[in-house]
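J.: I'd like to ask some things about the structure below.
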Amino acid sequence: MYKTLDTVQIGGHWYSIELTKSCTVDDDMTNSGDTHHQKKHMRVATLISDGSPRTSSSIEETLLHELIHSVSHVYHATTTEDQIISLSEGLYQVLKQYGLKLIEEV
Ligand SMILES: [Zn+2]
């Protein structure tokens, strides 16, 4: 089981963060993370479809992905899903070498 910050400030807004005990976070059952910008709420799945835990790197990269979505939204950056995927995977790989720690095992 993992924990992360309950809330994070992006621009003038506070987003809540939920690590869900599920394998998807959306009705289509396809996404492992999502962000509701009107509710200022991010969700990240912590399980895979067979009920076993996702790896910590997968959970952490998904959270970084949702954080980048939120930064892009708040600061009106024009980004595509593919760009967000590239940025989150690339930044995650580089920043891990500096000790990036977005989640903690509890
Ligand atoms: Zn995305």
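J.: Is it true that Glu104 is more than 16 Å from the ligand (Cβ to nearest atom) and either surrounded by fewer than 14 Cβ atoms within 10 Å (Cβ to Cβ) or at pLDDT 95 or above (or both)?
T.: For Glu104, the condition - more than 16 Å from the ligand (Cβ to nearest atom) and either surrounded by fewer than 14 Cβ atoms within 10 Å (Cβ to Cβ) or at pLDDT 95 or above (or both) - is met.
J.: Looking at Leu19, is it touching a residue at least 60 places away in the same chain (Cβ under 8 Å) and either touching a Lys or Arg at 6+ places or on another chain (Cβ under 8 Å) or within 16 Å of the ligand (Cβ to nearest atom) (or both)?
T.: Yes, satisfied.
J.: Still on this structure, please answer the following. Could you tell me which of the residues Gly33, Gly11, Gly99 is without any contact (Cβ under 8 Å) to a residue 40 or more places away in the chain and away from the ligand (no atom under 16 Å from the Cβ)?
T.: Checking each option against the conditions leaves just Gly99.
J.: Just give me the residues in segment 37-52 being under 12 Å from the mean Cα position of the chain (by Cα) and within 16 Å of the ligand (Cβ to nearest atom), in sequence order. Show your work before the answer.
T.: Step one: of segment 37-52, the residues under 12 Å from the mean Cα position of the chain (by Cα) are 41-46.
Of everything in segment 37-52, those that are under 12 Å from the mean Cα position of the chain (by Cα) and within 16 Å of the ligand (Cβ to nearest atom) turn out to be His41, Met42, Arg43, Val44, Ala45.
J.: Pull up segment 53-101, narrow it to residues that are closer than 21 Å to Asp6 by Cα and surrounded by fewer than 13 Cβ atoms within 10 Å (Cβ to Cβ), then point me to the one that is nearest to the chain's Cα centre (by Cα).
T.: Ser57
J.: Here's another thing I want to ask about it. Cβ contacts < 7 Å: first residue over 16 Å from Gln38 (Cβ atoms), restricted to segment 63-81; second residue in a loop (DSSP other than H, G, I, E, B) and at pLDDT 95 or above, any location; separation 6+ or different chain. Result?
T.: So the pair list comes out as Leu63/Thr4; Leu63/Leu102; Leu63/Ile103; Leu64/Leu102; Tyr75/Gly11.
J.: So Ile85 passes all but one of these: (1) free of Cβ contacts under 8 Å to residues at least 24 places away in the same chain; (2) over 14 Å from Ser32 (Cα atoms); (3) within 13 Å of the ligand (Cβ to nearest atom). Which condition number does it fail?
T.: Condition (2) is where Ile85 drops out.
The values are calculated or read from the model by the stated rules, or taken from the named source; none is laboratory data. From a predicted model like this one, the values you see are computed outputs, not experimental measurements. Here the Cβ is made from the backbone with ideal geometry for all residues, glycine too, and neighbour counts use every protein chain on show.
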